[in-house]
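J.: One structure, pasted below without further comment.
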Amino acid sequence: MIDNKKKKSSTLTFFILPNDSSKGKKYTVSVKRYKLLRNVAIVFVLSCVFALFNYGNMSYKVTELKSVKKENTEHKIELQALASKINDLETSIAKLKLFDKKLRILANIEKPVPSDGEHTGMGGVYSDSDYLLSIDERRLDLIGRVRHNLNQLQGEVATQEASFTELQQYLLEQSTLLSSTPSIWPTRGWVTSSFGSRTDPFTGRTRKHKGMDIANRVGTPVIAPADGIVTRVVRSSSLGKMVEISHGYGIKTRYAHLSEVLVKVGTKIKRGEKIAKMGNTGKSTGPHLHYEVMVNSVSVSPSKYILN
């Protein structure tokens, strides 16, 4: 209750009357102090409201930030999984290209002219700057990258498919030549010496090794890598027991240091047929097969004629 005399006295009187019969209380304050207290109260209430609003806004932003971080992590995991799958596809295509190259070497077919959009590599996962993008922008960027990489892969697959179709048509026409071309391992084991220059184990001098040495136990089967006719079965001081097969088209293969020969001169051989057993005869430091491939009487690397 406000005193009606406040204009004269410049004071305000407040009465507090209880509900029961007890005596009420009276408070008198100057108008100036009342206005000051009122302004302080308004400022305090506004400050509390502002603080509560800021607290609620910060809580919301923290929750949203946690959600964005979680979504970023999920996107990164998804992108890494997609990148891994794309890398696997790239590896498979690279193997197909290598296989294609070997077939073309065997078939003596020129490499196809690459298309304008030949694959030159793909992008990886996000960089740090990508996290400055919004969620929608990152999602669109991810979709764009994956679509671009998949389009490149589709182009690679189409090119490789066309190449294999060309090879298939040619090889069907040249089936006789193919069956007479060495293309599989002549025995099981591990390569202890490759084709090319090496240090001779007996003389210590550098000299050309005309074949490939494949080591295993004595008696390991030796098979023909292609169709042909046995042209030589001999035993020499250097090569030990040796078999030579003519495959036609100027191609011959030679197998040395054998423990036992299972064929005779003039025998017709099919690819995969057993012709001898691995041994340690002649000049040899241990059980192994010395395998040579000759084209027009010139020794070439046997690895070019192994596809399996």
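No lab work stands behind these numbers, since they all come straight from the coordinates. All values reported here derive from a predicted model rather than from experimental measurement. Neighbour counts run over all protein chains shown; Cβ positions are idealised from the backbone, glycine included.
J.: Taking 0.36 nm per intervening residue step and subtracting the Cα-Cα distance, what contour gain separates K102 from S197 on full extension? Write out the running numbers ahead of the final one.
T.: Values: separation 95, 0.36 × 95 = 34.20 nm, distance 2.28 nm.
Extra length from K102 to S197 when fully extended: 31.9 nm.
J.: Once the other residues with Cβ under 11 Å from the Cβ of R217 are scored (Lys, Arg +1; Asp, Glu -1), what is the net sum? Don't skip to the end; give the middle numbers.
T.: Values: positive: R188, K277; negative: none.
Spelling it out: positives minus negatives among the neighbours equals +2.
J.: Can you work out the FRET efficiency for the pair L82 and K61, with r the C-beta to C-beta distance and R0 = 45 Å, to the nearest 0.05? Please report the intermediate quantities before stating the final value.
T.: Values: r = 31 Å, r/R0 = 0.68.
That pair, L82 with K61, gives E of 0.90.
J.: Between T13 and N54, what FRET efficiency follows from the Cβ-Cβ distance if R0 is 51 Å, with the result rounded to 0.05?
T.: Values: r = 39 Å, r/R0 = 0.77.
About 0.85, to the nearest 0.05.
J.: Between F164 and A94, what length comes free when the chain is fully extended (0.36 nm per residue of separation minus the Cα-Cα distance, one decimal in nm)? List each step's numbers first, then the result.
T.: Numbers: separation 70, 0.36 × 70 = 25.20 nm, distance 1.39 nm.
Separation in residues times 0.36 nm, less the Cα-Cα distance, equals 23.8 nm.
J.: How much FRET efficiency would the formula 1/(1 + (r/R0)^6) give for F44 and T73, where r is the Cβ-Cβ distance and R0 is 45 Å, rounded to 0.05? Don't skip to the end; give the middle numbers.
T.: On the way: r = 43 Å, r/R0 = 0.96.
Plugging the Cβ-Cβ distance into 1/(1 + (r/R0)^6) gives 0.55.
J.: Please list log₁₀ I(q)/I(0) at q = 0.17, 0.18, 0.19, 0.23 Å⁻¹ for the stretch 182-229, using the Debye equation with identical point scatterers on the alpha-carbon positions.
T.: -0.64, -0.70, -0.75, -0.92
J.: In 10 Å bins starting at zero, report the fraction of Cα pairs in the stretch 136-289 per bin as a rounded %.
T.: 10, 28, 23, 14, 11, 8, 4, 1
J.: Taking the Cα centroid of the stretch 192-246 and of the stretch 43-81, what is the distance between the two, rounded to the nearest whole Å?
T.: One Cα centre to the other: 74 Å.
J.: Starting from the Cα of R188, move 7 Å in the Cα-to-Cβ direction to define the label point; list residues of the stretch 196-225 whose amide nitrogen is under 14 Å from there.
T.: Zone members listed by number: 215-223.
J.: If the reach is capped at under 27 angstrom between alpha carbons, list the lysines near K61, excluding any in the same chain fewer than eight residues apart.
T.: Counting by Cα, and skipping residues close in sequence, K61 has these lysines nearby: K69, K70, K76.
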